1. Can you name the residue in segment A:274-304 that is under 22 Å from the mean Cα position of the chain (by Cα), surrounded by 19 or more Cβ atoms within 10 Å (Cβ to Cβ) and more than 14 Å from chain B (Cβ to nearest Cβ) and, of all such residues, is nearest to A:A197 (Cα to Cα)?
2. Out of everything in segment A:226-248 that is out of contact with any helix residue (DSSP H, G or I) (no Cβ under 6 Å at 6 or more places or on another chain) and under 18 Å from A:L190 (Cβ atoms), what residue ends up being farthest from the other protein chains (Cβ to nearest Cβ)?
3. So B:P44 fits all but one of (1) over 21 Å from the mean Cα position of the chain (by Cα); (2) modelled with pLDDT under 95; what number is the exception?
4. Hey, among the residues in segment A:180-225 that are more than 14 Å from every other protein chain (Cβ to nearest Cβ) and β-branched (V, I, T), which one's nearest to A:G61 (Cα to Cα)?
5. Which one is surrounded by the most Cβ atoms within 10 Å (Cβ to Cβ) among residues in segment B:250-287 that are hydroxyl-bearing (S, T, Y) and part of a loop (DSSP other than H, G, I, E, B)?
6. I need every pair where a residue in segment B:63-77 that is under 15 Å from B:K138 (Cα atoms) has its Cβ under 9 Å from the Cβ of a residue that is at pLDDT below 95 and charged (D, E, K, R), sequence separation at least 6 or different chains.
7. Please give the number of the condition A:L97 fails out of (1) within 18 Å of the chain's Cα centre (by Cα); (2) in a loop (DSSP other than H, G, I, E, B).
8. Check whether at least one residue in segment B:266-274 is within 19 Å of B:C162 (Cα to Cα) and not assigned by TED's automatic domain parsing to the domain that holds B:R89, and report yes or no.
Amino acid sequence: MVSEQTSPRMAVSLGGIEMRNPVNTASGTFGNGEQFESFYDVGATLGAITCKGVSAEPWDGNPAPRLAELGGSAILNSVGLQNPGVHGFVERYGTYLESVKSRGCAVICQVAGHSVEEYVRAMDLFEELAPFAAGFEINISCPNIAAGGAAMGATPASAAEVMRAVRPHTTRPVVVKMAPHDVAEIGRALEAEGADALALINTIPGMAIDVRTRRSRVCRPTAGVSGPAIHAIAVRMVWECAKAVNIPLCGIGGVASGADAAEMILAGATAVSVGTANLYDPGCAARVVAELEQWVCDQGVTDVNELIGAFE
Amino acid sequence: MSGRDVGRATAGRVSAGALGDAGPVAAARVTKPHGGAVHTQVHPFEVRTNEPVAEGVWCMRCATPVAAELEPGQFVNLQVPGDGSHLLRVPLSFSLADGANELLELVYAVVGEGTERLSAMRPGDTSTLVGPCGNGWKMPSEANGRALLVAGGVGMPPVVACARMLAQNGVGFDAIVGAQTGSRHVEFLLDELRGMAPNEGCDCARKVVVCTDDGTLGVRGFTTAAMADLIADHPYEIIYTCGPQPMMAGVARLAAQRGVACQASLERMMGCGFGACSCCNVELTAGGYALCCKDGPVFDAREVVW
């Protein structure tokens with residue numbers, strides 16, 4: 001708790017998504033929020049939540065096993081964006097997400113697709129069915145079926161193509177969730193196509209092989225590495241991207257404390273998402289809110305915005 | 001190999017997941033306001049005893065207020081102290097939740113890095129656990145029904161909890177327990193099983209059949225062979241099972257052939273234990289996946305692809 005002084009201003013704007021504080025949740029690590037209500041009042045506490053990725057039609061996701069514990073403060077996952085499609089998502093979670101919004105927490109819906117057309121179709125459905133969404137996050141790490149499974153946003157050109165296609169289909173803010181490579185170049189391409197903000201980084205591609213069976217420890221040869229182990233890499237990429245673009249960033253990667261979040265903000269992030277830590281420390285994001293506010297006080301400033309990019 | 005299979009290493013882990021994106025099974029079970037296990041919280045626990053009861057098998061008794069809320073077949077997800085290099089909690093089912101004394105009994109096999117650290121906890125050590133997680137066993141729908149329990153090895157703890165639930169409700173049951181060669185750890189829980197209140201009524205004295213693959217304990221052979229013999233002679237209303245996947249698959253198949261209802265407690269590697277990450281998927285016969293942690297860990301065996 002903050003003491004002996006007025007509470008600092010913690011509100012930020014992530015490209016037009018108004019957040020009461022900079023703390024958000026990383027898609028795929030937070031369900032759609034409701035599972036965490038028994039740990040703390042999500043809607044009354046967080047700046048935003050980012051829902052699980054949703055496609056126009058339901059996706060089954062990958063077969064088991066989807067998860068491996070790596071040691072070294074990291075886990076490996078390959079869930080494959082299991083989701084009920086936009087209609088199913090709104091039907092199942094719409095009422096709950098309205099309640100999150102009504103408590104002052106921004107709801108960000110994540111949009112997934114296997115082709116440019118699928119992103120556009122999902123966006124159209126969200127526009128029509130999801131009035132509770134303060135904005136959208138485009139997950140450009142989905143495999144592109146037409147390109148043999150390479151990520152939709154693997155290159156500046158392909159990332160820009162997705163953004164260019166989606167942009168006319170919503171007037172609400174659009175954040176793009178970036179893969180952990182070429183973030184300056186791809187960030188500039190996305191900004192040029194009208195992205196309102198960028199979120200980075202997604203999981204880092206990795207492998208874990210069971211040497212006894214010679215098989216992958218998860219259902220695919222490669223999967224996503226996350227956890228505190230990737231934090232320093234994520235901070236570096238946020239810093240590089242922040243220098244390259246003029247739109248706000250949401251820093252993601254191994255954030256498990258207020259200090260981790262503060263690093264992201266100093267490196268140039270306007271908002272910060274808690275991801276993997278939600279799984280093993282379900283109260284983490286709420287704690288980060290409190291610790292971040294204390295840090296702002298300790299820095300002797302009255303507004304968290306003064307500290308964005310204040311790395312010296 | 002340490003760290004491999006930290007989840008699977010644990011004894012008969014039960015699960016709880018998020019109904020999140022699960023299929024029809026999940027949807028049918030959403031009864032709480034926000035579609036989640038709203039009472040799932042972080043609770044403290046303090047180790048009272050933690051000792052080996054057989055080769056590689058330990059029994060921990062710990063004090064925790066969540067014991068009063070747990071239902072048989074649910075599970076808890078323990079934060080085991082360590083150097084922080086392993087992130088995930090260790091999900092464990094329990095053989096006994098004594099609400100009056102706020103005491104939990106966990107019998108677990110040390111098979112991975114997580115359970116290795118768990119076995120190093122000493123009386124007085126404290127940490128946290130998340131729970132209650134998941135959905136437990138359901139009682140038979142017929143008041144006079146008789147149940148058959150089929151447990152295999154480390155799947156025994158939740159089956160013992162199930163037996164206790166049945167005994168307390170006056171439901172008669174028989175039990176089959178399978179173990180590997182030389183596995184003496186089942187004897188530990190067998191004593192608990194045999195010590196429960198007898199079946200009511202003189203016509204249904206309880207049978208507890210023990211099978212090992214070499215006959216070192218009980219009869220020689222698989223649990224499913226013993227099960228085929230028992231169900232040929234008795235009109236069971238329901239079968240409850242937990243154990244290795246191949247054993248449960250055999251139990252589920254036999255139950256389906258005989259038209260007997262069957263509940264199975266499944267085990268999966270888990271991320272969160274409360275449905276946030278969708279990592280512990282269970283393939284459904286109706287298509288798509290449910291989540292072991294939230295939609296299970298106890299499933300209707302007919303709904304699961306074995």
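1. Ranking the candidates gives A:V304 first.
2. Across segment A:226-248, the extreme among qualifying residues is A:N246.
3. (2) is the only condition that B:P44 fails.
4. Filtering segment A:180-225 down to residues more than 14 Å from every other protein chain (Cβ to nearest Cβ) leaves A:180-202, A:204-207, A:221-222.
In the following step, the residues that additionally are β-branched (V, I, T) were identified as A:183, A:186, A:201, A:204, A:222.
Working: A:V183: 27, A:I186: 27, A:I201: 21, A:I204: 19, A:T222: 15 Å.
Ranking the qualifying residues of segment A:180-225, first place goes to A:T222.
5. For segment B:250-287, the residue satisfying everything is B:S278.
6. B:P72/B:R164; B:G73/B:K138; B:F75/B:R13
7. Single failed check for A:L97: (2).
8. Scanning segment B:266-274, I find at least one residue that is within 19 Å of B:C162 (Cα to Cα) and not assigned by TED's automatic domain parsing to the domain that holds B:R89, so the answer is yes.
The values are calculated or read from the model by the stated rules, or taken from the named source; none is laboratory data. This is a predicted model, so every value here is computed, not measured. Methodologically, a virtual Cβ is constructed for each residue, glycine included, from the backbone with ideal geometry; neighbour enumeration extends over all protein chains shown.
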